[in-house]
Amino acid sequence: MARDLTAGMIAEVAAAALRPVAFVEVEVVSSPLAPVRVWSGYGSKSWNGHTWLGVGHFGGISAIAESTEVFANGIKLTLSGIPSDMITTALADLNQGLPATVWLGALSEAEAVVADPYEAFSGRVDLVQVVEGADTATIEISVENNLIDLQRPRELRYTDADQQKL
């Protein structure tokens, strides 16, 4: 299924050598207008008018599940190798409810991003966990799909007071 893939992405997927890449954007408390932007390679990469920081083998994304039913599938983002003294800063910046987005794309032979990577997942930060080691730590960020809101109770009543608020 081609979904919303551009002609360039379809050609890259069908090519003999596919060079997949993932881009992750997570909004942070300290700088809501400049979210954290990382990609699955090494060094910096320019795409979509922004510079993305490479996390290489230090970053990870769990499987992105899809179903034919309306179901809120979540994902887990992992970043390891964080110095222990930076954990407090990282935890203060990652709050529940902040937006996170994952794009899947490909690189050309010239290491350029093939036009318009596919937005594979969009949701909000749910839970942030830290697994500490001796010198470094790993942060695991659970991100829930926006459909999770369908499972939350609504606090709206059909009383006169609630109707007046509307």
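The values are calculated or read from the model by the stated rules, or taken from the named source; none is laboratory data. Note that the structure is a prediction, hence the values are computed from the model and not measured. Every residue, glycine as well, gets a Cβ built from its backbone with ideal geometry; the counts of neighbours run over all protein chains shown. Ligands, DNA and RNA are excluded from the accessible area calculation, which covers all protein heavy atoms including side chains. Shrake-Rupley method; radii C 1.70, N 1.55, O 1.52, S 1.80 Å.
Structural remarks
- The residues of region 1-36 that are part of a helix (DSSP H, G or I), of a type outside the set (D, E, K, R) and out of contact with any Pro (no Cβ under 8 Å at 6 or more places or on another chain), listed by number, are 7, 8, 10, 11, 13, 14.
- Strands (runs of 3 or more DSSP E) contained entirely in region 79-159, each with at least 2 residues that are over 13 Å from the mean Cα position of the chain (by Cα) and of a type in the set (Val, Ile, Thr): 118-132, 136-145
- Scoring residue 70 on the criteria (1) surrounded by 14 or more Cβ atoms within 10 Å (Cβ to Cβ); (2) out of contact with any strand residue (DSSP E or B) (no Cβ under 8 Å at 6 or more places or on another chain) leaves a single failure, condition (1).
- Some residue of region 51-66 being over 18 Å from the mean Cα position of the chain (by Cα), free of Cβ contacts under 8 Å to residues at least 24 places away in the same chain and over 26 Å from residue 14 (Cβ atoms): no
- Residues that are under 16 Å from residue 25 (Cα atoms) and either touching a residue at least 40 places away in the same chain (Cβ under 8 Å) or open to solvent by less than 50 Å² (accessible area, probe 1.4 Å) (or both), drawn from region 95-112: 95, 97, 98, 99, 100, 101, 102, 103, 104, 105
- Within region 122-134, residues that are free of Cβ contacts under 8 Å to residues at least 60 places away in the same chain and within 16 Å of residue 75 (Cα to Cα) reach partners that are open to solvent by 50 Å² or more (accessible area, probe 1.4 Å) and part of a strand (DSSP E or B) with beta carbons closer than 8 Å, at six or more positions or on different chains, in the pairs 122/99; 123/99; 124/99.
- Count of residues meeting criterion [hydrophobic (A, V, I, L, M, F, W, C) and part of a strand (DSSP E or B)] in region 46-76: 5
- Members of region 73-85 found to be open to solvent by 60 Å² or more (accessible area, probe 1.4 Å) and more than 11 Å from residue 138 (Cα to Cα), listed by number: 76, 85
- Residue selected from region 1-27 under the condition modelled with pLDDT of 90 or more and of a type in the set (Val, Ile, Thr), by the criterion farthest from the chain's Cα centre (by Cα): 21
- Filtered by the rule that a residue be open to solvent by less than 50 Å² (accessible area, probe 1.4 Å) and touching a residue at least 12 places away in the same chain (Cβ under 8 Å), region 6-26 gives 6, 8, 9, 12, 21, 22, 23, 24, 25, 26.
- Entry remark, region 44-93: residues being among the hydroxyl-bearing types (Ser, Thr, Tyr), out of contact with any Asp or Glu (no Cβ under 8 Å at 6 or more places or on another chain) and within 16 Å of residue 128 (Cβ to Cβ) number 4 in total.
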